[in-house]
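**Q** Could you have a look at this structure, given as structure tokens, before my questions?
The values are calculated or read from the model by the stated rules, or taken from the named source; none is laboratory data. Note that this is a predicted model, so its numbers are computed, not measured. Cβ atoms come from the backbone with ideal geometry, glycine included; neighbour counts cover every protein chain shown. For the accessible areas, the whole protein counts, side chains as well, though only heavy atoms, and no ligand, DNA or RNA atoms are used. Shrake-Rupley method; radii C 1.70, N 1.55, O 1.52, S 1.80 Å.
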Amino acid sequence: MIELDDVTVYYPKAEEPAVSRVNLSLQPGEFVCVLGPSGAGKSTLIRTINALQPVTYGQVLIQGENVDEMSEAQKRAWRSRAGMIFQHFHLIPRLTVQQNVLTGLFGKRRAFLNAAGFFSQREKEKAERVLKKVGLVDMARRRVEALSGGQKQRVGIARALMQEPEVFLGDEPVASLDPGTARSVFGILKDVHDKQQLMSLINVHDVALAKSFATRVIGLVGGEMIYDGPPDKLDSRNLEMIYGKAIHA
Ligand SMILES: Nc1ncnc2c1ncn2[C@@H]1O[C@H](COP(=O)(O)OP(=O)(O)O)[C@@H](O)[C@H]1O
Ligand SMILES: [Mg+2]
């Protein structure tokens, strides 16, 4: 379980907090979509949960453990349990799909094995299994640079799955894709989430996507959580509060 207890985050020299007094408790199985305009604090919130951004006030608890009190090694261990999916994929373009997916194991392996690029047969078979889950098994030997955006993000999801994560964290993972592809990749993400009963927190730019897939929606504005509830209760008044204008979704 992930718990945020009155979390406030200030960047150095900033006058206003990027995240302000956020209280949140995430349970296994929840697929939480975070909505909010640019600058609302969505990325900061994800980075805070992933122990990449220290909190200024309050605390983040991972299964009762305060992230701020973790050693660097403990933080790395926590990050390896949280699969991150990025808007711009963060893949290595010249490497193959399989090689990129195998880098998902890096957090759990000895550094010299990673540097040598050595992977066992078992690890390669595992890569094949996760590629099957995202429908890319036939592309294993293709270079990532030759793939479409939607395929690249499916590689991103497969790489996260290699970590056998308990949690998916997504920072606008489908914002760079055209609407049809975005919906299909988001559907794959949700499907994997459901099958593995993960806990997911995904920043989303598109209200309709959040409404179709989320089990719970959070609305952030100016770092404050102004909505936390089921997607079907998110009405036009809530959306106007979140985006400062009428949104039709
Ligand atoms: N590295 C940083 N240093 C200073 N200020 C930052 C940094 N990253 C984000 N901010 C500020 O924090 C606020 C929240 O940003 P961010 O979390 O990126 O929002 P979002 O992801 O919703 O667009 C914004 O005011 C932004 O300018
Ligand atoms: Mg952002």
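**Q** Could you give the size of the charge dipole of the chain about its Cα centre, using +1 on the Cβ of each K and R and -1 on the Cβ of each D and E, expressed in debye and rounded to the nearest 20?
**A** Charge dipole of the chain: 1300 debye, to the nearest 20.
**Q** When ligands, DNA and RNA are left out and all protein chains stay put, how many square angstrom of accessible area per residue does the chain have with a 1.4 Å probe?
**A** In whole numbers, the chain has 49 Å² accessible per residue.
**Q** Quick check for me: using +1 on Lys/Arg Cβ and -1 on Asp/Glu Cβ, what's the dipole size of region 1-84 about its Cα centre, in debye to the nearest 20?
**A** 360 debye
**Q** Only bridges with both residues in the chain count here: give the DSSP antiparallel percent, nearest 5.
**A** Percent antiparallel among DSSP bridges in the chain is about 50.
**Q** Figure the gain on full extension for His248 and Asp235 (residue separation times 0.36 nm, minus the Cα-Cα span) and round it to one decimal in nm.
**A** Length difference between fully extended and current span is 3.7 nm.
**Q** Sorted by accessible area (1.4 Å probe), largest first, how do His193, His88, His248 line up?
**A** His248, His88, His193
**Q** Compute the FRET efficiency between Arg110 and Lys75 as 1/(1 + (r/R0)^6), taking r as their Cβ-Cβ distance and R0 = 22 Å, and round to the nearest 0.05.
**A** E(calc), rounded to 0.05, equals 0.75.
**Q** Beyond 30 Å between alpha-carbons counts as too far, so tell me which of Lys75/Lys126; Lys152/Lys245; Lys75/Lys152 fall in that bin.
**A** Where the Cα-Cα span goes over 30 Å, the pairs concerned are Lys152/Lys245.
**Q** Under the Kirkwood approximation for Rh and a Cα-based Rg, what ratio Rg/Rh is obtained for region 75-130?
**A** Radius of gyration over Kirkwood radius for region 75-130 works out to 0.95.
**Q** Additional query: Can you give me the angle between helix 149-162 and the longest principal axis of the chain, using Cα atoms only, in degrees from 0 to 90, rounded to the nearest 10?
**A** Helix 149-162 sits at roughly 80 degrees to that axis.
**Q** Quick check: at a probe of 1.4 Å, how many percent of the accessible area of the chain sits on carbon and sulfur atoms?
**A** 49 percent
**Q** How much net charge surrounds Ser43 when only other residues with a Cβ under 14 Å from its Cβ are counted (Lys, Arg +1; Asp, Glu -1)?
**A** 0
**Q** Give the calculated FRET efficiency between Ser184 and Asp228 to the nearest 0.05, with a Förster radius of 25 Å applied to their Cβ-Cβ distance.
**A** With R0 = 25 Å, the Cβ-Cβ based efficiency is 0.35.
**Q** Classify region 92-164 as rounded, prolate or oblate from the Cα gyration tensor: take a ≥ b ≥ c as the square roots of its eigenvalues, call it rounded if a/c is under 1.5, otherwise prolate when a/b beats b/c and oblate if not.
**A** prolate
**Q** Please give the net charge around Gln121, taking every other residue with its beta carbon less than 14 angstrom from that of Gln121, where Lys and Arg add +1 and Asp and Glu add -1.
**A** My count for the surroundings of Gln121 gives +1.
**Q** Assuming a ≥ b ≥ c are the square roots of the Cα gyration tensor eigenvalues, decide whether the chain counts as rounded (a/c under 1.5), prolate (otherwise, with a/b larger than b/c) or oblate.
**A** Note, shape of the chain comes out oblate.
**Q** Let me check I've understood the local charge: for Tyr10, count other residues with C-beta under 15 angstrom from its C-beta, Lys and Arg +1, Asp and Glu -1. What total comes out?
**A** Surrounding charge for Tyr10 is -2.
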